[in-house]
Amino acid sequence: MASVISKILAQQEQKELERTKVEFENLKDGEFEKTSNSTPKYNCIAYAAEETHRKWWPVPYAMVGSDVYWPEGVSKVCSRKNFVLAFETLGYKPCENVEIEDGYEKVAIYVTAKASPGTLKGVPLHIAKQLPSGEWTSKLGDFIDIRHKTLEGMEGKKYGVVKQILKRPKKIEMKQEETKNNEKNDDFENFRNLAQNLVSVSNSDVKQAINEAKKKKSAKSKPLKSSETN
């Protein structure tokens, strides 16, 4: 029974891989692999944003009834600029290259390569996320997730071309930077408290010295009693 189930699952996965090659004509055998089962719960944008409990999209007209999210304050016009702004809320910034960089993680935005009836050129279609190995991972709509060796493998009729790379410090580096900032704030607070204490001590010393000087002056100017003159 187990062998029969395994055979059925293997056949199903083979069909999924064949479908993937048909939809993405630049993906070649050996250059990609399935990493998760199909699900309509999240899409490629959410997956690149590391969320798998809802979809991300600026215009939810095609996803009525779904849990669709878009960062507050970012325009819902479907443009590369707004996709960049959306990912800037996650700490990403535009960068110039796709190469792997120590301490950083990257995503790539795919857009339409040319205008077509009902579609403008440069409209975002997909986002892939770089893996620590330098390879990339993508969620294919409501279909499966895959790991692919190159960004070019996903280019073509369905997802257009890569037009924008974004990067941000990896989470451990971000945490370390946050810790450094907190330490700097603590150092500043300690320095301020010390300065205030020094000022307080200095003021106290000055007041004490003035009072002592006044007492001495008062004692010198005070008339002597007759008994003290004899």
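The numbers here are math on the coordinates, done by the rules we state, and not lab data. Remember, it's a predicted structure, so these values are computed and weren't measured experimentally. So basically every Cβ, Gly included, is an ideal-geometry build from the backbone, and we count neighbours across all protein chains shown.
Measuring how big segment 1-87 is from its alpha-carbon positions, Rg and Dmax come out at 17.1, 54 Å. Pairs with C-alpha atoms separated by more than 32 Å, drawn from the list LYS34/LYS171; LYS7/LYS114; LYS55/LYS167; LYS21/LYS167, are LYS7/LYS114.
Set the Cα radius of gyration of segment 9-169 against 2.2 N^0.38 Å, with N its number of residues, and you get 1.00. Extension gain, ARG147 to ARG80, is 21.8 nm, computed as 0.36 nm per intervening residue step minus the present C-alpha separation. Whole-Hz Karplus values for segment 48-57 come out as 5, 7, 6, 10, 10, 10, 7, 9, 10, 5 Hz, taken residue by residue from phi with 6.51 cos²θ - 1.76 cosθ + 1.60 and θ = phi - 60°; glycine and proline positions read x. Once the Cβ-Cβ distance of LYS93 and SER133 is raised to the sixth power relative to R0 = 22 Å, the FRET efficiency obtained is 0.45.
In segment 9-169, a dipole from Cβ-located charges (positive for Lys and Arg, negative for Asp and Glu) runs towards its positive end, and of CYS78, GLY118, GLY160 it is GLY118 whose Cα lies farthest in that direction. Each residue of segment 100-113 was assigned a 3J(HN,Hα) from its phi angle through the Karplus expression (A = 6.51, B = -1.76, C = 1.60, θ = phi - 60°), giving 5, 10, 4, x, 10, 10, 10, 10, 10, 9, 9, 9, 4, 6 Hz with x at Gly and Pro. 3J(HN,Hα) couplings calculated from phi for segment 26-40 with the Karplus curve 6.51 cos²θ - 1.76 cosθ + 1.60 (θ = phi - 60°) are, in sequence order, 8, 7, 10, 4, x, 9, 8, 8, 6, 10, 7, 6, 5, 7, x Hz; Gly and Pro show x.
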